[in-house]
Each structure stands twice: as structure tokens, then as C-alpha cells.
Amino acid sequence: MQQLKKTSSGIKGLDELTCGGLPAGRPTLVCGGPGCGKTLLATTFLVMGALNDNEPGVFVSFDERIPDLGANVASLGFDLPDLQKRGLIAMDHVFLDRRAIEEAGDYDLEGLFVRLAYAIKKVDARRVVLDSIDSLFAGIPNIAIVRSELTRLFAWLKERGLTVIITAERGDNGITRNGVEEYVSDCVIVLDHRVVEQSSTRRLRVVKYRGSTHGTNEYPFLIDQDGITVLPVTSLGLAQIASTERVASGVASLDAMLEGKGYFKGSSILLGGAAGTGKTSIAAHFAEAACRRGERCAFFSFEESPSQLARNMGSIGIDLQPWVDKGLLRFHAARPSLQGLEPHLALMLKEISDFQPDVAVVDPLSALLAIGSLHQTQGMLLRLIDHLKTVGVTSLFTSLQNHDDQSRIAISSIMDSWIMVENRRAGNDLVRRLHVIKSRGMAHSAEMRRMLITRSGVQLVDLQTGLEGA
Amino acid sequence: MDPVIAEEHWNLRLYVAGQTDKSIRAIRNLNRICAEHLNGHYTIEVIDLMDRPQLAEGDQILAIPTLVRRLPEPIKRIIGDLSNEERVLIGLDIRPLTKA
């Protein structure tokens, strides 16, 4: 069977989702409600094609005026006027005012074909965007003519081998309000923008892709200063290569409990415990140790600001600032309630692909778990952990949890290692005790150790060690 | 004769695309309607977009044929082969001479 030819969509993450991009030489329908990012997706497709793939494009706008389109994407670094000047993009605003049109006899929409052909010829276009097709239905009084002309238009575009994005409004009954999906049978992408409990989430789904496999889930996507990024969700199976390489935890006495070598490279570690048990300190050791080795560390902090963290860790002898200055340590502090779970995870994945860290810290994971439902968060976490493993990032997740907390235990099942710290009262003192509950693929210590937080960091000692300790 | 029409000059532009049946009908219908109702105070310019595609964008032509009344102002546009004379007269804002 002949392989379907594909063209890069120019959108980060979307090509992976579609196993290579949009169907080349064919139309793709992008639909969604107002403000869901249809025009931005279409514009990105055109600009990236022109800049990266040597495929000039034509933008036919039925809605926004050309200067407005340019202004909307200027903040993303897209210079549409310049691209037009350089002959890489041609733009045409088709303005339809139904009230100013009188119908007197039979007609067709040959004018649209003439304008398209003219614009295509001007830049020798390989890509076309029609945004949005609904305006044709609103602007032309005779719907029967619109429908027959659309059929002719799509045949015309295919004949010329143009890769096309058509945008359309989401409908209550069909996929689109005007049934545009009837004309575009090759690839249909639905965008969605939902606000649930005051946090907004954008999602993308490939509803249909004739002749190609594609991910069928809803994938979160982001719109930020870099444009659109679809969550780069990879491997749907368990295809990661299990490394035998080891990564030091940053606490020598903890490494000792892990065959004296530390974690497996690319593995995921859950560090659970009640409040004030020193989870963040262990995480900071891990981050610092990575930077000392010259590796990069992405530190996602959902409870403390970077300056708080730096101060607190300074008090136990971990100086993180030099590594930030060297560019080896990058902090991302955000309030978990600021947005939905998916945008958070999307941002994290984006940072991981931009920064390419060797290790990552999420402190605490429980802050994210609090946002969504258990089912939803588990699904998303699986994807996050899956992705981190695939790209070989060793990741440490702290989590506020107790031993008997069932929901947290469910999360632990997807982690390679699970370490717990607990507070025990011993006389008048509170004693921190650490033990390794599990660590896949190694003969880890089953002992419970006493954990001391000293001015020179975390130390694990024998449980029987004097309570005066440090 | 209607004195108002006598004073006005009608500047009409008909957009077609090639020598199609619809185009030919539109040209024929327009000539006839003008001859009947505008008493010589008119100019008709036929633009074939197959020859001059660059003109389609400026006048926002989508439907073919499209008749644009450039003068008298305001600009009006009528789409179709102009076979419905009544709609053409309404669209152009012409009171039929035959009825008084």
C-alpha cells in the first residue's frame, strides 16, 4: 500500500500526534468554538511552511482584516507584512456583507476561485488557509450554491496538490455548524477551550485521519509567547529503554541504601511524607548534585518561590544560586490553583523539551493532584512520567502523604522508587524516619533510618543514634 | 420622462469570468435593462476577471456575475445573471419608466 505523504504542520507536538504531520496535498478541517485557537493554528501552519519547509502559502481570511491578523501574531514573532513583502505569503481578505447584496438570477462563486488562483500564482503557493468557511454560509444568500461551490472548491484545491487548512465553527449537532466535514474527508482536528472550576484548559483531538494512524485522545495544548504547543505525548506503550546507569541522590547515606549507587537514570522517584519531614531538602540535594556533575536540572516548585527555596536550602548548607547563575538549574514556580492541571503539565513538558534537563524535581506533586479528579490526574501523570522516562530524565516527585492514604498509593504504583519519610514522637522529640518502600531493579535496604537535617544538609543515621543527634 | 434620472449618470461595472452562459446572459440582460430604463445616461464597463484577476480583490468580488453600481452613490452590488429584472431595478434603485 502506498504511504500517505505528510507535511509538517509547523505546530510543536502535532506532527508527533499525527505520525508525521497533515496529509500533503489535501485539505484538513480544523474546527472549534470562538477563541479556541483555530486562526492561530492555521497561521502557524502557513508561516512555518513558508519559513522552514520552503512552501509559500496563501491566507484567505473571511473574518479578520489583514492588518488585524498581522497584529494578532506579531507577539509570536511572526511578521506577516514582511513575509508578504518577501513573496512567501499572500493574503486576501474576502469581505461579505449580505445586507449590501441583491440577488438577481443565477450565479456561482468563480470570483473566489479567481482570487485564490491569483494569490497562489503570486507566491507559487503550496499551502492554503481558508479562515473561516462559515462566513461563506453567512454571507451568500443561496446556501445551495455555497454547497455546490464548496464541493467544486475542494476538488479544485486537491487537483492542484495544495495542502489546505479550512477552519470552521463547532456545531451543536454535527462536528461543525454548517456540516463542512462532509467536504473534507481526509483529516479533521477539533480544538476545544473549556473552563472548569475557573481554570481553563485547551484541548486538541484528531477526530479523523484517513489512511493514517493517529493518537485519538484529547491532548492539552498551550497558547503562549511561543505560539501553539501540543503536549508532546509520546509512546503509548512501555517502550522505554531501562538504563543500568545510576544517578546519585545527593545524599551519600541515602545512596548507601540504594546499593550504594543511587537511583537508576531515567527512573521516577516518589518521595512521600507528612508536612515538615524534609522532602524538599532531599529534593534540593538531588538538584544540587546533578548541577555539580554538570547536568541540568528543572525544578518545578508549586509551594515555595525560588527565593524562599534558596533561602531555606541555604540554611542547611545547600547553595543553589550559583547553579541558577550558571544556567544549570532552572526554577519554575507557579501557584497550582492558577490554572487547570493540564496547562500545568503542558508547561512542564514544554520546559522539558526546551531546557532538556538531565534531572527534574516536582515539589510537591500533591499540589497538582489537588486540582483535578483522581482519575484525570493519574492519566495525566502517567503521560508526564512516561514522557520523562522516554527522554531519559531522572525525576523526583515529592508528595504530601501518609502511609494509609489510598489515593496517593495509587500514584506510587507508577513510580520506580518510593521513599517515605515520617515523623515519630520519641519522648519530647520529633524523630524523622526514612525508609525505602520500593525501588525496582535493585536490592535496596529495607531498613528504617533516622533522618537528620543539619546545617550541612540531610544525613541518614542508624535509628538508634542518640536523639541529640546533630 | 423622469427628470431625476435625466440629470444622473450611471456608472456600472459588470464583473464576469470568461465567456460562460451566465456571463453572456448577464451582459445581454444588463444592456437591455439599461436601454429601457436609463435613457442613455449610463456607461457599462465589463470586466473579465480571467484577463484581469487582480481587480477582483479591490471590488470584493466573490459571486460571478456581479454588477457594481459605482455611480450614483452609494455603491450597490447585485449578484446573478440579472435575469430577474425586478430585482435588478430594486438593487440599482431605478423606478421603472413603464410604470408611472
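The values are calculated or read from the model by the stated rules, or taken from the named source; none is laboratory data. These numbers come from a predicted model, not from an experiment. In this analysis, Cβ positions are derived from the backbone assuming ideal geometry, glycine residues included, and neighbour counts consider all displayed protein chains.
Quick notes on this one:
- Under the condition of being crowded, with 17+ Cβ neighbours inside 10 Å and not β-branched (Val, Ile, Thr), the residues counted in region A:84-95 number 6.
- Taking the listed residues A:106, A:124, A:131, the one that is buried (at least 21 other Cβ atoms within 10 Å of the Cβ) and modelled with pLDDT of 90 or more is A:131, with no other qualifying.
- Residue list for region B:70-92, filter: in contact (Cβ under 8 Å) with a residue 24 or more places away in the chain and more than 10 Å from chain A (Cβ to nearest Cβ): B:70, B:71, B:72
- Residue match in region A:47-63 (condition: in contact with a strand residue (DSSP E or B) (Cβ under 6 Å, 6 or more places away or on another chain), surrounded by 18 or more Cβ atoms within 10 Å (Cβ to Cβ) and assigned to a helix (DSSP H, G or I)): yes
- Between A:106, A:131, A:68, the distinction of being within 10 Å of chain B (Cβ to nearest Cβ) and among the charged types (D, E, K, R) belongs to A:106 only.
- Some residue of region A:80-89 being over 26 Å from residue A:23 (Cα atoms), under 33 Å from the mean Cα position of the chain (by Cα) and in contact (Cβ under 8 Å) with a residue 24 or more places away in the chain: no
- The residue that is surrounded by the fewest Cβ atoms within 10 Å (Cβ to Cβ), counting only those in region B:39-69 that are within 14 Å of chain A (Cβ to nearest Cβ), of a type in the set (S, T, N, Q) and at negative phi, is B:54.
- Residue check for residue A:430: farther than 23 Å from residue A:397 by Cα and among the hydrophobic types (A, V, I, L, M, F, W, C): yes
- Residue A:60 more than 10 Å from chain B (Cβ to nearest Cβ), within 32 Å of the chain's Cα centre (by Cα) and either of a type in the set (S, T, N, Q) or farther than 20 Å from residue A:227 by Cβ (or both): yes
- Remark: pairs (first residue in region A:304-319, at pLDDT below 90 and hydrophobic (A, V, I, L, M, F, W, C); second residue surrounded by fewer than 17 Cβ atoms within 10 Å (Cβ to Cβ) and assigned to a loop (DSSP other than H, G, I, E, B); Cβ separation under 9 Å; 6+ apart in sequence or on different chains) = A:310/A:319.
- Identity of the residue in region B:25-38, away from chain A (no Cβ under 14 Å) and free of Cβ contacts under 8 Å to residues at least 24 places away in the same chain, that ends up nearest to residue A:98 (Cα to Cα): B:31
- Considering region A:109-118, the residues that are surrounded by 22 or more Cβ atoms within 10 Å (Cβ to Cβ) and closer than 18 Å to residue A:56 by Cα include one that is nearest to the other protein chains (Cβ to nearest Cβ), namely A:115.
- Residue within region A:333-356 that is aliphatic (A, V, I, L, M), under 17 Å from residue A:250 (Cα atoms) and buried (at least 16 other Cβ atoms within 10 Å of the Cβ) present: no
- Tally, over region A:64-77, of residues that are touching a residue at least 12 places away in the same chain (Cβ under 8 Å) and in a loop (DSSP other than H, G, I, E, B): 4
- Qualifying residue in region A:21-32 (condition: surrounded by fewer than 21 Cβ atoms within 10 Å (Cβ to Cβ) and in contact (Cβ under 8 Å) with a residue 60 or more places away in the chain): yes
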